[in-house]
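Report on one structure; see the data block that follows.
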Amino acid sequence: MKRSKRLEPVGALADETERGCASHVAGLQGRLADAERRCIELKRYLGEYQSMFQQRASEGMRVTGMRDYQTFIARLGEAVRQQEDVIAQLRSDCERARASWVEAAARKSAVRKVIAKVRSDDQKLEERRSQKESDEHALRPGGAR
């Protein structure tokens, strides 16, 4: 079996690893985009409730209603902070995954170059073998007429 054929599974594994890394990056980027949309939505809700609270407080409201609004606004603020933490973690995860993908792509490229070189070497070796056989056949008595 030619050396280049023996290396093909290594090339296939490098391809598969690189595709897996790319897929992982894409998944994380999707999750990050979702988290960012959720955070924007939470901030919008927070702004709306703060405006409603100010409007109702200026019109006069009961203490229990005021306390309920403040509690709800505080919970929304906490939800925004938690969502921002999720976003920060996902960004970090994306960067690590992207770095892994770049490494996998570099490994894939290197493996493909090695396979191409070995394939070229195999072809040259086969050409030399064939030429040698042809030369030997021509040198045999009665080989070339």
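Of the residues Q83, Q70, Q55, only one is in contact with a Lys or Arg (Cβ under 8 Å, 6 or more places away or on another chain) and in a helix (DSSP H, G or I); which?
Numbers: Q70 fails: in contact with a Lys or Arg (Cβ under 8 Å, 6 or more places away or on another chain); Q55 fails: in contact with a Lys or Arg (Cβ under 8 Å, 6 or more places away or on another chain).
On inspection, the qualifying residue turns out to be Q83.
Just to verify a result, which residue in region 42-66, among those that are loosely packed, with under 12 Cβ neighbours inside 10 Å and of a type in the set (D, E, K, R), is nearest to R96 (Cα to Cα)?
That would be R44.
In region 71-95, what residues are surrounded by fewer than 13 Cβ atoms within 10 Å (Cβ to Cβ) and of a type in the set (S, T, N, Q)?
T71, Q82, Q89, S92
For region 44-94, which residues satisfy the criterion of being acidic (D, E) and modelled with pLDDT of 90 or more?
Hits for region 44-94 are E48, D68, E78, E84, D85, D93.
Return the residue satisfying two criteria in turn: it lies in region 101-124 and is modelled with pLDDT under 95 and acidic (D, E), and of such residues it is farthest from R6 (Cα to Cα).
Looking at the filtered set, the residue picked out is D121.
Give region 67-90 a look and list any residue that's without any contact (Cβ under 8 Å) to a residue 12 or more places away in the chain and more than 22 Å from the chain's Cα centre (by Cα), or say none.
Within region 67-90, R67, D68, T71, A74, R75, E78, R81, Q82 qualify.
Does region 7-30 contain at least one residue that is more than 17 Å from the chain's Cα centre (by Cα), at pLDDT below 95 and surrounded by 15 or more Cβ atoms within 10 Å (Cβ to Cβ)?
Residues of region 7-30 that are more than 17 Å from the chain's Cα centre (by Cα), as a first pass: 7-12.
Filter once more, keeping what is at pLDDT below 95: 7-12.
Keeping just the survivors that are surrounded by 15 or more Cβ atoms within 10 Å (Cβ to Cβ) gives 7, 11.
The answer is yes; a qualifying residue exists.
Out of all the residues in region 111-145, which are hydrophobic (A, V, I, L, M, F, W, C) and touching a residue at least 40 places away in the same chain (Cβ under 8 Å)?
If the condition is that a residue be hydrophobic (A, V, I, L, M, F, W, C) and touching a residue at least 40 places away in the same chain (Cβ under 8 Å), then V111, V114, I115, V118 are the ones that fit.
The values are calculated or read from the model by the stated rules, or taken from the named source; none is laboratory data. All values derive from a computational prediction rather than experimental measurement. Cβ: placed from backbone, ideal geometry, glycine included. Neighbour counts: every protein chain shown.
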